[in-house]
Amino acid sequence: MKRRECTRRGFLYLAGLTVAATVTGCSTRFTSQTKKKSNRKPNFVIFFTDDQGYNDVGCFGSPNIKTPNFDRMAGEGMRFADFYAQPVCGPSRAALMTGCYPIRIAEPENIKNQHNIMAPSEITIAELLKQQEYRTALIGKWHLAGQRSTGYKSELLPNGQGFDYFYGTPVHNGYSRVVDHKSFKTQLMRNSEMLKDALTQQDMDMLTQDYTREAVQFITENKDKPFFLYLAHNMPHVPLGASPKFRGRSKRGLYGDVIEELDWSMGQVLETLKKLDIDDNTLVIYMSDNGPWIESHLGDYGGSADPLRGWKMSAWEGGSRVPCIMRWPGKIPAGKTCNELTTTMDIYPTFAELAGQEVPNDRIIDGKNIWSLMTGKPKSQSPHKAYYYYNYLRLNAVRSGKWKLVLPRPAKPAGTGWSGRMIDEVKEVELYDLDKDISETTSVAGKYPDVVKRLLNLVSEARDDLGDYTHFGKGARYLGESPPERAWPPRKKKS
């Protein structure tokens, strides 16, 4: 069914401070008692940073970066300590927007891209909420419409994917520590209009300020309607940029300055919600898109994933396990920590539940409703039987409960594309108890053969359903009447 038909008929078819308390732990719709308190649907704000490490927030252990607003947010809400994104930018955004593993979603021409390009047939979280008359905005980075271009296809940009308003960058920052005239240049758009084809270093320095101004304006203009704001900051992805009032403030150098300005940005969002008296009707979620970019040419311009092993693009915990905080006064209990496995994919069905919108039933949605975990409901547990660590097209590991199984692989393995250079060799199956060994230092595969066997069965299920770099999964979506004839990766186009 094409998107215009979905819109017309509806979906009928076919994110320091020591946090003392811990809750374990989906649930039904908003209760009638909750609805009586407010006739309005809740507002949603996703505050998404780029390449911020697990350790780069005060309440997650940073020793030298001050984040009073993130820390206050955790004190007034809940930290999620076992929260997973994807190991690199584009896939992480695809998972958030669709509630699915990136390898599952359909892409134009059925060509799988390392940074996903969402086919128009995919139904985004913004499109889902618009069914309930939400105003929607993306301010910041998109990275789901292909590589840098002077003429993006409109149906692949945010306005073609459910967002009423877009102000930001269609791709990413670049690869160099600071803006290099010989390297990749960031673009800036407002809706379909290209405002600047190449941002200067001065532009990058002011980008967090610009996004924050736009975010505050959107919230203010829509205070009387339900809204969804996706504030996807470009920072701290290199090239780094910080405004003059934040440069030189942090003990962590420019990287720390950048994080402290992001923390200021969160403060502006929270202050605006309180000023407009909509704070108690707004769910705010902070998280990073993946682990920190740590590579020799970046030096100290990358972050920290301590105590996790690995970094952005890797298959270890530091690649996809990210800091996350959720805050909703009166709904999410204050000062709690959730240690249950949760993911960015879970935002999709959870928002739908809170907004009173059914998720599409003609497709598999991998995310689960985690409202019971968010509210600290006693005895709530992760709804996920397993979490799969995909790097581009390759399945490298699986987690179930406290156990993580790492599959054998060569260094720079096939199916991992450009990210492969960040992936090291694993000679044999490894098993880690993440409750006791969060840093993945000692494999216990020899002690627990039954656990290894059980997790290998989960691997087989994933390969059959989602696929792997050697073949197309039975549950993966595609365009056309039949699945692609050729297994991934597809044959290269003739020049």
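Every number here is computed from the coordinates shown, using simple stated rules; none is lab data. A quick note: this is a predicted structure, and the numbers were derived from the prediction, not measured. Methodologically, a virtual Cβ is constructed for each residue, glycine included, from the backbone with ideal geometry; neighbour enumeration extends over all protein chains shown.
Under the 0.36 nm per residue contour assumption, what length would be gained going from the current alpha-carbon distance of PHE184 and GLU425 to full extension?
83.7 nm
Report the trypsin sites (Lys or Arg not before Pro) located in region 217-247 that are in a DSSP loop and have at most 11 other Cβ atoms inside 10 Å of their Cβ, or state none.
Counting only loop positions with at most 11 other Cβ atoms within 10 Å, the trypsin sites (Lys or Arg not before Pro) in region 217-247 are LYS245.
Using amide H atoms built in the peptide plane, which far-off residues or other-chain residues are under 5 Å from THR136 H to H?
ASP164, TYR165, PHE228
Please report the spacing between the Cα centers of region 39-80 and region 153-172 in Å, no decimals.
Centre-to-centre (Cα) distance: 25 Å.
Any idea how far apart GLN268 and ILE364 come out in nm if each label point goes 7 Å out from Cα toward Cβ?
Distance between label points: 4.2 nm.
Nearest 20 debye, what's the magnitude of the dipole of region 137-193 about its Cα centre given +1 on Lys and Arg Cβ and -1 on Asp and Glu Cβ?
Computed about the Cα centre, the dipole is about 280 debye.
Taking the beta-carbon count within 10 Å as an exposure proxy, list TYR165, TYR134 from fewest neighbours to most.
Fewest to most other Cβ atoms nearby, the residues stand as TYR165, TYR134.
If you take the charge dipole of the chain about its Cα centre, with +1 on Lys and Arg Cβ and -1 on Asp and Glu Cβ, which of THR124, GLY53, PHE80 is farthest toward its positive end?
THR124
Which one, HIS233, TYR255, TRP328, projects farthest toward the positive side of the charge dipole computed for region 224-346 from Cβ point charges (K/R +1, D/E -1)?
Ranked along the dipole, the leading option is TYR255.
What does the C-alpha gyration tensor say about the overall shape of region 387-472? Classify as rounded when a/c is under 1.5, otherwise prolate if a/b is larger than b/c, or oblate.
Taking the square roots of the gyration eigenvalues as a ≥ b ≥ c, region 387-472 is oblate.
Run the count for region 387-472, please: Lys pairs, Cα-Cα under 22 angstrom, 8 or more apart or on different chains.
13
What share of all Cα pairs of region 47-197, in percent, falls into each consecutive 5 Å distance bin?
2, 8, 16, 18, 18, 17, 12, 7, 2, 0
Can you give me the long-range amide H partners of LEU479? Hydrogens built in the peptide plane at 1.01 Å from N, cutoff under 5 Å, separation of 5 or more residues or another chain.
Excluding prolines and chain starts, which carry no amide H, the hits are GLU107, ASN110.
Output wanted: per-residue J couplings in Hz (rounded whole) for region 415-426, from phi through Karplus 6.51 cos²θ - 1.76 cosθ + 1.60, θ = phi - 60°, x for Gly and Pro.
x, 10, x, 4, 6, x, 5, 9, 10, 8, 7, 10
Relative contact order, percent, of region 387-472 when contacts are C-alpha pairs under 8 Å separated by at least 6 residues?
28
Averaging over all projection directions, find the projected area of the Cα convex hull of region 256-337 and quote it in nm² with one decimal place.
6.6
Quick one: Kirkwood hydrodynamic radius for region 215-266, alpha-carbon pairs, angstrom, one decimal?
Hydrodynamic radius (Kirkwood, Cα pairs) of region 215-266 is 12.5 Å.
Along the positive direction of the dipole of the chain (beta-carbon charges: Lys, Arg +1; Asp, Glu -1; about the Cα centre), which of TYR211, PRO102, ILE365 reaches farthest?
Of the listed residues, the answer is ILE365.
For region 109-230, just say rounded, prolate or oblate: build the C-alpha gyration tensor, square-root its eigenvalues into a ≥ b ≥ c, call rounded for a/c under 1.5, and beyond that prolate if a/b exceeds b/c, oblate if not.
oblate
Calculate the dipole size of region 14-374 relative to its Cα centre from +1 charges on Lys and Arg beta carbons and -1 charges on Asp and Glu beta carbons; express the result in debye to the nearest 20.
Its charge dipole is roughly 540 debye.
Give a quick list of GluC sites (Glu not before Pro) in region 84-135 that DSSP marks as loop, anything other than H, G, I, E or B, with at most 16 other Cβ atoms within 10 Å.
Here the GluC sites (Glu not before Pro) that fit, given the DSSP loop and packing criteria, are GLU133.
With only Lys, Arg, Asp and Glu charged, each at its Cβ (+1 for the first two, -1 for the last two), find how big the charge dipole of region 278-369 is about the Cα centre; round to the nearest 20 debye.
Roughly 160 debye for region 278-369.
For an R0 of 25 angstrom, estimate the FRET efficiency from the Cβ-Cβ distance between LYS436 and GLU461 and round to the nearest 0.05.
Efficiency for this residue pair is about 0.45.
Tell me, what HN-Hα J-couplings in whole Hz come from the Karplus equation 6.51 cos²θ - 1.76 cosθ + 1.60 at θ = phi - 60° for each residue of region 159-172, using x for Gly and Pro?
Taking θ as phi minus 60°, the curve returns 5, x, 10, x, 9, 5, 9, 9, 9, x, 10, x, 10, 8 Hz for region 159-172.
Students often get this wrong, so try it: which of [x] 21.2, 62; [y] 22.9, 72; [z] 27.2, 109 is Rg and Dmax of the Cα atoms in Å as calculated from the structure shown?
Of the labelled values, this structure produces [x].
Scan around HIS471 for amide H atoms under 5 Å from its own, H built in the peptide plane at 1.01 Å from N, and keep only partners 5 or more places away or cross-chain.
HN-HN under 5 Å from HIS471: TRP488.
Enumerate the calculated ³J(HN,Hα) couplings along region 212-227 in order (Karplus 6.51 cos²θ - 1.76 cosθ + 1.60, θ = phi - 60°), each rounded to whole Hz, writing x wherever the residue is Gly or Pro.
So the J values, rounded to whole Hz, are 5, 4, 5, 5, 4, 5, 4, 4, 4, 5, 10, 5, 9, 10, x, 9.
Quick check: Cα centre of region 321-367 to Cα centre of region 197-247, how many Å?
Taking the Cα centre of each part, region 321-367 and region 197-247 sit 24 Å apart.
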